[in-house]
1. Give the number of residues within the stretch 183-202 that are crowded, with 20+ Cβ neighbours inside 10 Å and under 21 Å from the mean Cα position of the chain (by Cα).
2. Would you be able to say whether some residue in the stretch 74-92 is of a type in the set (Asp, Glu) and either surrounded by fewer than 16 Cβ atoms within 10 Å (Cβ to Cβ) or modelled with pLDDT of 85 or more (or both)?
3. Of the numbered conditions (1) in contact with a helix residue (DSSP H, G or I) (Cβ under 6 Å, 6 or more places away or on another chain); (2) buried (at least 17 other Cβ atoms within 10 Å of the Cβ), residue 241 fails exactly one; give the number of that condition.
4. Answer yes if at least one residue in the stretch 249-272 is surrounded by fewer than 17 Cβ atoms within 10 Å (Cβ to Cβ), within 30 Å of residue 157 (Cβ to Cβ) and not charged (D, E, K, R), and no otherwise.
5. Only one of these is closer than 23 Å to residue 232 by Cβ, in contact (Cβ under 8 Å) with a residue 12 or more places away in the chain, surrounded by 19 or more Cβ atoms within 10 Å (Cβ to Cβ) and touching a Leu at 6+ places or on another chain (Cβ under 7 Å): 174, 207, 166. Name it.
6. Would you mention how many residues in the stretch 203-235 are of a type in the set (Phe, Trp, Tyr) and under 29 Å from the mean Cα position of the chain (by Cα)?
7. Looking at 107, 123, which one is closer than 23 Å to residue 173 by Cβ and either buried (at least 20 other Cβ atoms within 10 Å of the Cβ) or of a type in the set (D, E, K, R) (or both)?
8. Take the residues in the stretch 210-238 that are surrounded by fewer than 19 Cβ atoms within 10 Å (Cβ to Cβ) and polar (S, T, N, Q); name whichever of them is modelled with the highest pLDDT.
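The values are calculated or read from the model by the stated rules, or taken from the named source; none is laboratory data. None of the values given here were measured: they were computed from a predicted structure. All Cβ positions, even for glycine, are placed from backbone atoms using ideal geometry, and neighbour counts span all protein chains on display.
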Amino acid sequence: MLPHRSKRYAGIDGEIPRLKLATGWQLLLIGFMVVTLLAVVFPRKELVAKLYEQETLDELTLSYIQNLYRASAGNLDVALLLARVQQQKLDLPTLRLMLLSAAAEGDLRQRTAARTILLSAYDRRLQKSTNAEQLAELRQGLPAFLDPALTDPMTESMAQQFADLAFTLDNPDAGLQFIAKNQKSSGPDALERYAVRGLARGNYEQAARYYFMAQQHTEPYTDKRRLFMAGVDTLMAGGLYARAMSAANTHLGALAQDRVTLRYLARVALAAGYPNEANAYARALIFQPQGAQP
């Protein structure tokens with residue numbers, strides 16, 4: 001005969017009752033205790049803060065931070081840490097994707113750290129040769145980086161870096177605002193420097209535009225004349241004769257009563273092949289009222 005227990009397995013005594021290891025609330029309590037223990041032994045915030053103090057990370061730690069970033073891409077401090085230690089290896093689009101949120105939405109510490117890394121990345125990219133298409137790509141999304149920084153306090157050095165970037169990528173309005181943050185910079189002087197830089201790159205229209213902007217922002221009459229002539233000369237040097245004549249009329253302003261400027265424009269108009277304009281400047285010179293600038 002079969003023993004009594006074997007009969008139970010055969011179904012003689014009905015379903016065998018299952019042994020309960022733990023109830024639902026007990027499992028929940030155990031899970032909470034495990035999570036708490038892991039947080040105590042391996043706290044992420046403290047770990048990230050500790051790693052911030054290191055200049056480099058070993059391969060194991062770097063792998064952990066990369067996995068942590070993938071698991072929580074919205075963690076700004078993890079993104080900043082990963083970007084800082086890999087900024088020389090990552091390209092500008094990748095760094096922009098990682099850090100634009102921190103640069104615009106983080107606390108002041110995070111915003112400053114993200115902007116420092118991105119400014120360096122832009123500078124490295126602009127050190128390489130760039131064609132018109134590549135410059136256009138760099139300009140895309142630039143206001144999203146520049147605009148939030150305009151209202152934040154920053155060092156003079158960082159303000160100068162932002163101004164350099166804004167002017168280099170042809171955003172002079174933002175550039176002037178960053179210059180205003182930099183107490184050591186003068187608007188007209190800085191604009192003239194960027195005009196010279198644009199001319200060195202062969203960007204005649206940009207350089208002329210900065211000369212004319214500098215003319216508008218300066219007060220001494222002789223400086224207005226010098227900067228106006230520099231703008232016109234720049235366009236002439238680029239073979240942009242029609243543009244030079246148009247810009248001369250647009251930016252002449254109070255210099256229309258200046259005899260030196262009128263003589264200069266008469267010569268420039270003849271050189272550009274615009275005899276009618278040359279005659280008009282000559283007539284204006286002859287019929288200058290008394291007391292006009294010599």
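1. Here the count works out to 5.
2. Yes: the stretch 74-92 contains one or more residues that are of a type in the set (Asp, Glu) and either surrounded by fewer than 16 Cβ atoms within 10 Å (Cβ to Cβ) or modelled with pLDDT of 85 or more (or both).
3. Result: residue 241 fails condition (2) only.
4. no
5. On the way: 174 fails: closer than 23 Å to residue 232 by Cβ; 166 fails: closer than 23 Å to residue 232 by Cβ.
Residue meeting the stated conditions: 207.
6. In the first step, residues of the stretch 203-235 are kept if they are of a type in the set (Phe, Trp, Tyr); the result is 204, 210-212, 221, 228.
Next, from what is left, pick out any that are under 29 Å from the mean Cα position of the chain (by Cα): 204, 210-212.
Qualifying residue count for the region: 4.
7. 123
8. Applying the filter and picking the extreme gives 222.
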